[in-house]
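Structure first, then comments.
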Amino acid sequence: MRFLFFIILLSTIAFSQDIKVRKEVLPNGLTVLLYENKQAPTVACRLFYLTGSVHENPGNSGLAHLLEHQLFKGTEKLKADELWSAYQEAGGTDLNAFTSDLMTAYFVNLPRNKVELFLWLEADRMQNAVMRDFKAERDVVREERRMRYDDPPRGRYRETLRTMIYEVYPYRIPTIGWASSIENLTQEQAEEHYRKYYKPRNAILVFAGDFSADSLLPKVQLYFGSIPAGEPLPEIHLREPAQAGEKRLIVRRSDATPSVDIFFKTPSVNDSAIYALDIAEGVLNGRSGRLYKRLVEEENLATSASASNNPNKAVSTFSVSVSLRPGASHEKAEKIVWEELEKLKKELVNEREFQKVINNAYASQVRSLTDMAGVATNLAWFEMYGSYSLFLNWAKELETVSRQAVQSAATDYFTRNNAVIGWLENL
């Protein structure tokens, strides 16, 4: 085990020495991240706008997501299908977009000699988007909501749990939007949001792959440098209060797969406790983790059992999810979860388990750094959190965590008063 750790550590150190990310900020505020890697003749291209559902209110929820759809409807220069076809004809792969709580992302992987096309198309889309077929696209999003959230048993269940976890902070707003809000969104609202916030000062441009930063940066300046900075996104002054006590939700559906889900609010991604909670996840999670051993292998109550540390800005969560076998007791499964959480509070994680989590973290980072699409996305994501270096140094930071710190974090956050508990039952 120690020899394996030594090999992984050497590999990670060697790999990390090659991870040289260049960061530039244009005068108009556009952040540019560049990572050169010659392993394949392609480049992962990403443009992230730092606007998502957190910048909405209940009256216009779903606006950022609907705007994401609208930005594939073309520009003043391009018809609705021409942007998509331009990327495909250039050999683009994985062309898509997504909206989250905190950002909206547009991405594609391109041959190295076609990267300038990304600059041209995205600079045009940043300035000249046209909201074509707005009502028809709004209906598409409403149907997407119905299929993904309203009809499936876990859809409204998870959405309701989310509103229970976040009492104040706008993470409680669903990214897709509430149904009644989607139906009443207007083209004028979308256009106003686009004009204000789809601008350089609220954007992160990322390239990872086979290119020369010295050659690419002047082209970035050429295409994006003259675009006005735009308005800053409104600051979110809300802070999530301490939870008053344990919360519970029970949903009964004839088409449901039974489950037990427990959520705990935890600090922001910039708090050192997040690393200790990542170790706790590693101890509990996976087929060799404590939850799977107890609930699936020993007690035969569940088909799966997992734990997840979910770092985020302002407030994070730690969750446990158990998918139960038909007829298994929710109460017994939850009791076992609490027993395993209590062990983390009362006993130090043993040295072997602890070292295994560290080894896995280093191995995972080595693997992640070979995927340019993943590297580009993670660089943008962590830059949004505060600095892309958080991503590159994550495994290294885990190594500084003590077993006592894991015990302390479990004691602080895995409490009944901080728990939101959901049972999904099959009638």
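The values are calculated or read from the model by the stated rules, or taken from the named source; none is laboratory data. Just so we're clear, the structure is a prediction, and the values are computed from it rather than from any experiment. Here the Cβ positions follow ideal geometry from the backbone for every residue, glycine too, while neighbour counts run over all protein chains shown.
Return yes when residue 419 is within 26 Å of residue 323 (Cβ to Cβ) and over 19 Å from the mean Cα position of the chain (by Cα) and no when it is not.
For residue 419, the condition - within 26 Å of residue 323 (Cβ to Cβ) and over 19 Å from the mean Cα position of the chain (by Cα) - is met.
Each row is one residue, and each column tells you yes or no for (1) under 18 Å from the mean Cα position of the chain (by Cα); (2) touching a residue at least 40 places away in the same chain (Cβ under 8 Å).
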{"position": "138", "(1), (2)": "no, yes"}
{"position": "147", "(1), (2)": "no, no"}
{"position": "159", "(1), (2)": "yes, no"}
{"position": "167", "(1), (2)": "no, yes"}
{"position": "171", "(1), (2)": "yes, yes"}
{"position": "179", "(1), (2)": "no, no"}
Which pairs turn up if I take residues in the range 275-292 that are touching a residue at least 12 places away in the same chain (Cβ under 8 Å) and look for partners that are among the acidic types (Asp, Glu) and in a loop (DSSP other than H, G, I, E, B) with beta carbon separation below 7 Å, at least 6 apart in sequence or on another chain? none
Subset tally (residues that are surrounded by fewer than 21 Cβ atoms within 10 Å (Cβ to Cβ), more than 17 Å from residue 108 (Cα to Cα) and among the polar types (S, T, N, Q)) for the range 19-49: 2
Only listed residue being within 17 Å of the chain's Cα centre (by Cα) and in contact (Cβ under 8 Å) with a residue 12 or more places away in the chain, chosen from 379, 369: 379
If you scan the range 293-330, which residues turn out to be basic (Lys, Arg), touching a residue at least 24 places away in the same chain (Cβ under 8 Å) and more than 26 Å from residue 239 (Cα to Cα)? 294, 325
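Every residue, every condition in (1) basic (Lys, Arg); (2) touching a residue at least 40 places away in the same chain (Cβ under 8 Å); (3) closer than 21 Å to residue 62 by Cβ, yes or no:
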site	(1), (2), (3)
191	no, yes, yes
208	no, yes, no
218	no, no, no
237	no, no, no
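Can you tell me which residue in the range 105-136 is nearest to residue 91 (Cα to Cα), limited to those that are polar (S, T, N, Q) and over 25 Å from the mean Cα position of the chain (by Cα)? Steps first, answer last, please.
First, pick out the residues of the range 105-136 that are polar (S, T, N, Q): 109, 113, 127-128.
Imposing the further condition that a residue be over 25 Å from the mean Cα position of the chain (by Cα) reduces the set to 113, 127-128.
Values: 113: 10, 127: 25, 128: 24 Å.
Only one residue tops the list, namely 113.
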For the range 376-427, name all the residues that are charged (D, E, K, R), surrounded by fewer than 20 Cβ atoms within 10 Å (Cβ to Cβ) and modelled with pLDDT of 95 or more. 403, 412, 416, 425
Having 3 or more residues that are touching a strand residue (DSSP E or B) at 6+ places or on another chain (Cβ under 7 Å) is the bar; report the helices (runs of 4 or more DSSP H) wholly within the range 124-205 that clear it. 153-165
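Could you check how many residues of the range 206-216 are buried (at least 16 other Cβ atoms within 10 Å of the Cβ) and assigned to a helix (DSSP H, G or I)?
The number of residues fulfilling the criteria is 2.
Do you know which of the residues in the range 290-314 that are in a helix (DSSP H, G or I) and among the hydrophobic types (A, V, I, L, M, F, W, C) is farthest from residue 267 (Cα to Cα)?
Ranking the qualifying residues of the range 290-314, first place goes to 296.
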By residue number, the members of the range 54-87 that are part of a helix (DSSP H, G or I) and free of Cβ contacts under 8 Å to residues at least 24 places away in the same chain are 82, 84, 85
Considering the range 274-308 alone, what residues qualify as being under 19 Å from the mean Cα position of the chain (by Cα) and farther than 13 Å from residue 356 by Cβ? 274, 275, 277, 278, 306, 307, 308
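Looking only at the range 214-238, count every residue that is modelled with pLDDT of 95 or more and under 25 Å from the mean Cα position of the chain (by Cα) and tell me the total. So that I can check it myself, show each step before the final result.
Restricting attention to the range 214-238, the residues satisfying the condition of being modelled with pLDDT of 95 or more are 214-229.
After this cut, where a residue has to be under 25 Å from the mean Cα position of the chain (by Cα) as well, the list is none.
The total comes to 0.
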Answer yes or no: is there a residue in the range 96-108 that is over 25 Å from residue 26 (Cα atoms), touching a helix residue (DSSP H, G or I) at 6+ places or on another chain (Cβ under 7 Å) and modelled with pLDDT under 95. no
